[in-house]
Every structure is written in C-alpha cells, then in structure tokens.
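To start, the structure itself, in structure tokens.
The values are calculated or read from the model by the stated rules, or taken from the named source; none is laboratory data. The model shown is predicted, which means the values in this text are computed figures rather than measured ones. Every residue, glycine among them, receives a Cβ derived from its backbone with ideal geometry; neighbour counts consider all protein chains shown.
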Amino acid sequence: MITLKNLTLTYPDGASRVTALDDVTLAPGAGTLTGITGPSGSGKSSLLAVASTLVRPDSGSVLIDGEDVTKLSDKDATRLRRTSLGIVFQQSNLVPSLTARDQLRAVTELAGSRAQRRAAATRADELLEAVGLSEQAGLRPHQLSGGQRQRVNIARALVTDPSVLLVDEPTSALDSVSGAAVIDLIADLTERTGTTTLLVTHDLQHAPRFDRLVNLVDGRITADTGADGVTREAVETMTRAA
C-alpha cells in the first residue's frame, strides 16, 4: 500500500520557485485503482515522480508498506523500485532485441535471491498469460501492436509482485478500443493481485473503471470521489474542473 501525506514540491524558476504539489494527501486502499486527472501542468506527473521515489519532495512523506521512502538513500530507493514498485510509463520503452518473455525475465535478474529470481521467472509466463500474450511470448517489440507492447509493459511492471503500481497515461498512444482494453486489464489485475494502483490520465471516458477519481489543479486536490465511488456526477464534476 501507499500513503501520501502533506506532500509539497517546488521547482526553481529563475529567481523564484514554482509549486508543483501543494500539501497533497492521498491514501488509496490495497486492490484499488485510483485515477489522477487534471489539466496539463496540474502536478499529475510530479505526483507520480514523488510516489516512485524518483523525486524527493520539499516536505511531507510517502509511506510504502509502512516505510517513509522519502528518507531512503538513493541506493535503497533503487532497490525499492525493483521490488515493491511497478512503474508503467507512457511509452513502453521495451528493449528491441528481447522477446516479450525476455523483457520480463530481464527484470527478474535484478530481483532478490536466486530462489526469488526463479519464482519471478515463473511469474513472467503467468503474467504474459494474464495479459493475453502467451502466444506472442516469443515475439520482439516490432512484431507486436501498440496495445500488445503496452500489455508487455504492464506485465513487466508487475513481474516482481509489487505492492504499488504507478501508471502514467497508458492510453496516450493507443486508439480508443486498445486504450479501453488496457484500462480494463489494469483494473482487473489491480483487483486480482491486490496491488494499489495510481493511474494518471486525461481521458475520463475510462473513469467508471476506477475505484476512485482525484482531480489536481495547480498542485492541489480539488475534487476526490473518495469512498462514494466514481459516479456519473463525479465524472461530470471532474470534466468541468479539467
């Protein structure tokens, strides 16, 4: 699980500083998919960067499985990203020379003990089946469609069985049909694996698949469906806010 508490992040801008996150607090539950939306420059990518330990906040904390990861050394943060965090970027960034199966197995070589690596290698095949790519396991990226490459990307992020999955605009380069299939896949895998998933998106047509929807404007949370769930009224509110 991940809990974000009172996060503030600023960037230098000439002689002054720009606020990217302004006292953001968010505590999504395990096995839930939280959508993060908002206009460009609202702080969505900054939120994921801090949550993924790639950027340290000015203040506040990020608790992952009860540990404040903002206090970790760079070495320990890197280790955490290999074991407890799964990160899905907009572009799949697959290695051109590796097959779909080897994309996942390459990640397992960095994960834990020999026994853990063997278990993760088995999990690689299970995940390829879960994302519907068993028959494409031996294909390289150029032989896969855009939607299939993104499915490999998602499977690769989950291969170490992370407790937290962070996803940045996974449908931005896909058509509407492929995009909907990818969102459905992420929602199903989140529920099945018990992962806590934060997903940044501009596309609110997928909102009904989310357990929660949060809107950011100028680094602050301006709307949050919370425990009430993602209703049509909530989506309409988010659309007006965006």
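Observations, loosely collected:
- Counting only residues that are in a loop (DSSP other than H, G, I, E, B) and either under 21 Å from the mean Cα position of the chain (by Cα) or within 17 Å of D184 (Cα to Cα) (or both), the range 14-40 holds 9 of them.
- For the range 46-57, a residue qualifies if it is out of contact with any Pro (no Cβ under 6 Å at 6 or more places or on another chain) and surrounded by 15 or more Cβ atoms within 10 Å (Cβ to Cβ), and the qualifying residues are S46, L47, L48, A49, A51, S52, T53, V55, R56, P57.
- One residue from T171, T122 being in the same structural domain as S45 (by TED's automatic domain parsing) and either β-branched (V, I, T) or surrounded by fewer than 19 Cβ atoms within 10 Å (Cβ to Cβ) (or both): T171
- Some residue of the range 151-158 being surrounded by fewer than 19 Cβ atoms within 10 Å (Cβ to Cβ) and either part of a helix (DSSP H, G or I) or touching a residue at least 24 places away in the same chain (Cβ under 8 Å) (or both): no
- Residue satisfying all of: in the range 58-76; part of a loop (DSSP other than H, G, I, E, B) and at pLDDT below 95; surrounded by the most Cβ atoms within 10 Å (Cβ to Cβ) among these: L72
- Within the set R79, R105, the sole residue that is of a type outside the set (D, E), touching a helix residue (DSSP H, G or I) at 6+ places or on another chain (Cβ under 8 Å) and in a helix (DSSP H, G or I) turns out to be R105.
- Pairs, first on the phi < 0 side of the Ramachandran plot in the range 51-62, second charged (D, E, K, R), C-beta under 6 Å, six or more apart: S61/K5; S61/D68
- Residues satisfying the stated conditions in the range 159-169, i.e. within 28 Å of A121 (Cβ to Cβ), of a type outside the set (V, I, T) and at pLDDT 90 or above: P162, S163, L165, L166, D168
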